[in-house]
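Colleague: The structure follows.
What follows draws every value from the coordinates through simple rules; no lab data is involved. Computed from a predicted model, the values in this text were never measured in an experiment. Ideal geometry is used to build each Cβ from the backbone, glycine not excepted, and the neighbour counts take in all protein chains shown.
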């Protein structure tokens, strides 16, 4: 593999570890835990892994001998910067306990476990991928581990390779699957530990024990750099409004973090729109009023940040999509058998009166996008809905009406953008390089202690890395029951933007000023080398949330 000068320099970077993981360790156990909601149901579903304590690693004077162990690792779901360092940290952690330990990578996600596709990850392979972006070391996939036939098929190759522990690196759904797998293997005395690692650029896998998911820091810095570039162009040409959709299907963390970094004129926060019960027309009016106010000051340009999942948070649209998801989960074949030019009428005919009215009011393109193939969880693929183009079209129409009314006399020319894949495989920031390596090394320590059903947890992340707190949190502690594919299932509860939280409050305190003034910030690229205050800073979100 040919390497760029940056890759060669980054390969030499040695990620920082918490002090507690640099030598011999021992475990401190906290009190028994319970799930965040639906305690009786979750406890019944996970009798072997429910109620376990939170674990914390502390330094020890007692050097321990660990037997050699074979472990497996899986990258699951969408890519996030730093995944390679999780694997590097896991490899180094296993080797630090016993040099004869081995690590096997299952190829192209959980499907690699089921289909018995794997490679042994050697030092030579690992060294090629340290501090690099992407998941290409073993690939990723979205196969869901949800059926006993899959668990048993995976167990065949696990036994063949004498694997005693499996690490699943993924988001909330992947870690839910990891917990189900841990429960199944424990229930059947399979002798296989399962550990999860928190990954998602969306930032919605977090709680008091998981302060941030890996990849969020890097992705937001990448997006903020590009938004900053657009804002500088915008401020130079002074003739375009840029509508920028950002990843974040279920939560607006990326949009909010980018807004805090670049200070756009408008940033829509899906959770606020839902809280205020705003309609699509309310959102359009809000944008149009801001465009008009800036035009009155002679500024016919600006930026609008839009979360990918916005449509699902507008109450009327949320009800519609929920009914559509349920209906299509049970009638997908019948729907696909309908001629394309009759599908819209078919949907309207089979929805409740309220949702049929909303659906019939939508532009043809958006209505069609709402009925496209579902994602693996049975939900509409909101990334395929061109929300930025929909809003541009509707705002232009509203401004034309305002012009006739005499309340607007500016010029409106708009460009749409969607930043998604651009941030998922970026070379990790120093923070993510350190955090991911620590998560992987920490997962190895959890394996060494014989734990299963835990997620690797590294906390106190706004402090220097040596002061980070390493340990494990039971995955069942984060769970609740949610409707999936028309049925109630145990899943890790998503963390939405808290409107009473410090990050949103900081944004809300400044947005009126940013709307009218051109207060753009141009953050520039991720800095890998230089002063600590430039290179090792966390996200604004984390700094505000952890401010003491």
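Colleague: Could you tell me how many degrees, from 0 to 90 and to the nearest 10, lie between the Cα long axis of helix 148-160 and the main elongation axis, the longest principal axis, of the Cα atoms of the chain?
Modeller: Between helix and principal axis, roughly 40 degrees.
Colleague: If you work out Cα extents along the principal axes in Å from the coordinates, which of (1) 80, 58, 47; (2) 102, 46, 39; (3) 93, 50, 48 do you get?
Modeller: (1)
Colleague: Could you tell me how many degrees, from 0 to 90 and to the nearest 10, lie between the Cα long axis of helix 253-262 and the main elongation axis, the longest principal axis, of the Cα atoms of the chain?
Modeller: 70
Colleague: Multiply the residue separation of residue 536 and residue 411 by 0.36 nm, subtract the distance between their alpha-carbon atoms, and state the gained length in nm to one decimal.
Modeller: 40.8 nm
Colleague: To test your reading of the geometry: what angle, between 0 and 90 degrees and rounded to tens, separates the Cα axis of helix 430-448 from the longest principal axis of the chain?
Modeller: Value to nearest ten degrees: 40.
Colleague: State, as an integer percentage, the relative contact order of the range 72-171 based on alpha-carbon contacts under 8 Å between residues 6 or more apart.
Modeller: The normalised contact order for the range 72-171 reaches 43 percent.
Colleague: Pull out a ≥ b ≥ c, the square roots of the eigenvalues of the alpha-carbon gyration tensor of the range 210-267, then state rounded if a/c is under 1.5, prolate if not and a/b is larger than b/c, and oblate in the remaining case.
Modeller: Prolate shape, in that a/c is at least 1.5 and a/b is the bigger ratio.
Colleague: If eta is 0.692 mPa s and T is 37 °C, what Stokes-Einstein diffusion coefficient results for the range 434-548, Kirkwood Rh from Cα pairs, in µm²/s?
Modeller: 184
Colleague: Below 8 Å, C-alpha to C-alpha, sequence gap of six or more: please give me the relative contact order for the chain in percent. List each step's numbers first, then the result.
Modeller: Working: 1153 pairs, mean separation 133.6, N = 548.
Over the chain, the number comes to 24 percent.
Colleague: Taking just the C-alpha trace of the range 23-135, give me its Rg and Dmax in Å.
Modeller: Taking only Cα atoms of the range 23-135, I get Rg and Dmax of 17.5, 48 Å.
Colleague: Also, I was wondering about something else. From the convex hull of the Cα coordinates of the range 438-500, what is the mean projected area in square nanometres?
Modeller: 6.5
Colleague: Write down the Kirkwood hydrodynamic radius of the range 263-396, to one decimal in angstroms, obtained as one divided by the mean of 1/r over all alpha carbon pairs. Don't skip to the answer; put the middle values down first.
Modeller: On the way: mean 1/r = 0.0622 Å⁻¹.
Kirkwood radius, the range 263-396: 16.1 Å.
Colleague: Let me ask another. Could you give the length gained on full extension between residue 547 and residue 24, defined as 0.36 nm per residue of separation minus the Cα-Cα distance, in nm? Each step should come with its number before you reach the end.
Modeller: Numbers: separation 523, 0.36 × 523 = 188.28 nm, distance 3.10 nm.
Taking 0.36 nm per residue and subtracting the Cα distance, the gain is 185.2 nm.
Colleague: Measuring from label point to label point, each 7 Å out along Cα→Cβ, what is the residue 343 to residue 60 span in nm?
Modeller: 5.8
Colleague: Between the range 12-90 and the range 329-403, what is the C-alpha centre distance in whole Å?
Modeller: 43
Colleague: Ok, one more. Using just the helices of the chain, give the 222 nm mean residue ellipticity in deg cm²/dmol: DSSP H runs with n ≥ 4 each add -39,500 (n - 2.57), and the total is spread over all residues, rounded to 500.
Modeller: -13500 deg cm²/dmol
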